[in-house]
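Input: a single structure, listed below in structure tokens.
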Amino acid sequence: MTADLPYHMLLPSAHAVLPAGFSRDPFSDSILDTDAAELAVPATCPFIATDPAFLEVLGPKPVVRVLASGVPGFAHEAGVYVPSTSGGEVWFTSNLITTEYGDDRAASVASPQLKARVNVQTVDLTTGIVRAVPTAIRTGNGACPYGSKLLFCDQGDDFTPSALTILDPVTHAVTPILNNFHGRQFNSLNDVIVLPPPPAAAQDLNGRAPATGPTVWFTDPTYGHEQQFRPVPQLPPQVYMFDPKSGAVRVVADGFDHPNGICFSPDNGTCYVTDTGHIHGSGRLDATRPSTVYAFDVVWRAGAPSLHNRRVFAMADCGVPDGIKCDTFGNVYSGCGDGIHVWNTAGQLIGKIVLGRADNNPGAGCANFCFVPGGKIVAFAEDRIYIVEGLAVDGTSVAGIPMGEADCNKPVALSARVSEYLSVAMDRRSGQRMSSELHCNGFEASS
């Protein structure tokens, strides 16, 4: 790194062979924490390029700075950008669970039922002011845009079932839209994303036009029970799809340890799911469990989407891959133990944003994050909220990819970067180039 470059280039060849005796903590350390001289990276450089392609992500002068700070755990999950007159705000949830004993404590001292609460909060992107939002959501976790509203994963508690819940950012009113799988309680819903239908002219593998509108996809690990605020699990840790129009819910992927983050590629042809089994809800670590991102093909059959061709996409070398997002070029980002990792569409690590290097905060990880219009990322690092500015990319959730609710049936014009990506993305079914226009069918465009 030189004085006029905002990044440090650390190619994999620099550590393909290390001197005998090397070691590192598999969870909290990264390759940057070895003492090999050839791996020395300036302590104040947060942008680590492991492939020249990462330079296409960075603008000429990217920076990382602290936007807000608080007690450890105050900033952890969700991350949804909401425009406002003051320059916008991001809604998020904490990792602090407050509990109170239920009315039957005396009758069940050995395993008292608990009422749990996790705060929903916002941070103003101009002032950095954080405010708590009074809502009926018990233990909010992941969230995503849902038209003019937000869609939260409410993990529930011993009294309240885990549910998908719509939150109005203006009135703070909440509306649960799903809280069970055929009468069985979900474990503790973790992350959620909305998949729009394909272009109206598309056909599925059976030659049928898509029969469904937007669908809601979510993960359901067992962290709530492991953290002692949810009952014994009634379901395996799985990924689900919910059709808000029909009310139908079905399992679309299983075989996970702890399914966590979920997102779709810009062309909606690939679904990415993270598995954070390396860390148990009790805090116990096991390096032999997954710290893995899996990829699936999104295939339409009988007019509805399903997941096929499960495969390992990438493994986080530090911590676990928690929240996950894509930029408009298809690169995949995930919050990991030392910040945000970025992979290309082949699963090759091309760079990292090591957040703690911006303010001499060693060990700062990232649970979740969100893109903000204008080449920005807001990242949650438990006791701090970082903002990354000056990137040359936007996230799919803020660049014209439609996300929403209602029932409209109007086309949504995509941003130039999304159109560029789609212009070279080949339809997996027929090999024909995809349309550069997606039909809304119930989605309001984010901008």
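The values are calculated or read from the model by the stated rules, or taken from the named source; none is laboratory data. Values in this document were obtained by computation on a predicted structure and should not be read as measured data. Don't worry about glycine lacking a Cβ; one is built from the backbone with ideal geometry, like all the others, and counts go over all protein chains shown.
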Selection count, region 212-227, where residues are among the acidic types (Asp, Glu) and part of a strand (DSSP E or B):
1
May I ask you to list the residues in region 54-65 that are crowded, with 16+ Cβ neighbours inside 10 Å and among the aliphatic types (A, V, I, L, M)?
Leu55, Val57, Leu58, Val64
So for region 345-367 (the condition being farther than 22 Å from His8 by Cβ and buried (at least 20 other Cβ atoms within 10 Å of the Cβ)), does at least one residue qualify?
yes
Looking at region 135-149, which of its residues are crowded, with 24+ Cβ neighbours inside 10 Å and not in a loop (DSSP other than H, G, I, E, B)?
Thr139, Gly140, Asn141, Gly142, Ala143, Pro145, Tyr146
Please give the strands (runs of 3 or more DSSP E) falling wholly within region 6-89 in which 1 or more residues are touching a helix residue (DSSP H, G or I) at 6+ places or on another chain (Cβ under 8 Å) and of a type in the set (Val, Ile, Thr).
47-49, 58-69
So which of Thr274, Thr288 ends up being assigned to a strand (DSSP E or B) and among the polar types (S, T, N, Q)?
Thr274
Top-ranked residue of region 13-32 - restricted to ones that are under 29 Å from the mean Cα position of the chain (by Cα) and free of Cβ contacts under 8 Å to residues at least 40 places away in the same chain, ranked as nearest to Ala367 (Cα to Cα):
Asp25
Could you pull out the residue among Asn180, Asn187 that is within 18 Å of Thr160 (Cα to Cα) and either modelled with pLDDT under 70 or crowded, with 21+ Cβ neighbours inside 10 Å (or both)?
Asn187
Scan region 305-319 and give yes if some residue there is more than 19 Å from the chain's Cα centre (by Cα) and of a type in the set (Ser, Thr, Tyr), otherwise no.
yes
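Yes/no matrix, rows are residues, columns are (1) touching a Leu at 6+ places or on another chain (Cβ under 8 Å); (2) assigned to a strand (DSSP E or B); (3) within 24 Å of Pro197 (Cα to Cα); (4) of a type in the set (Ser, Thr, Tyr):
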residue: Asn309; (1), (2), (3), (4): no, yes, yes, no
residue: Lys325; (1), (2), (3), (4): no, yes, yes, no
residue: Ile340; (1), (2), (3), (4): yes, yes, no, no
residue: Ala346; (1), (2), (3), (4): no, no, no, no
residue: Gly356; (1), (2), (3), (4): no, no, no, no
residue: Asn361; (1), (2), (3), (4): yes, no, no, no
residue: Phe371; (1), (2), (3), (4): no, yes, yes, no
residue: Val378; (1), (2), (3), (4): yes, yes, no, no
Among what's in region 218-264 and is crowded, with 23+ Cβ neighbours inside 10 Å and among the charged types (D, E, K, R), pick the residue that is nearest to Thr276 (Cα to Cα).
Asp220
Identify, please: which residue in region 265-307 is of a type in the set (Lys, Arg) and out of contact with any Leu (no Cβ under 6 Å at 6 or more places or on another chain) and is, among those, surrounded by the most Cβ atoms within 10 Å (Cβ to Cβ)?
Arg289
Selection within region 380-409 - in a strand (DSSP E or B), on the phi < 0 side of the Ramachandran plot and at pLDDT below 95
Gly395, Pro402, Met403
Regarding region 341-353, can at least one residue be identified that is closer than 20 Å to Ser265 by Cβ, among the polar types (S, T, N, Q), more than 18 Å from the chain's Cα centre (by Cα) and modelled with pLDDT of 95 or more?
yes
Filter region 303-339 down to residues that are touching a helix residue (DSSP H, G or I) at 6+ places or on another chain (Cβ under 7 Å) and of a type in the set (A, V, I, L, M, F, W, C) and give me whichever is nearest to Ile377 (Cα to Cα).
Cys326
Exclusive hit being more than 17 Å from Leu307 (Cα to Cα), modelled with pLDDT under 95 and either more than 16 Å from the chain's Cα centre (by Cα) or surrounded by fewer than 16 Cβ atoms within 10 Å (Cβ to Cβ) (or both), set Ala200, Ala163
Ala200
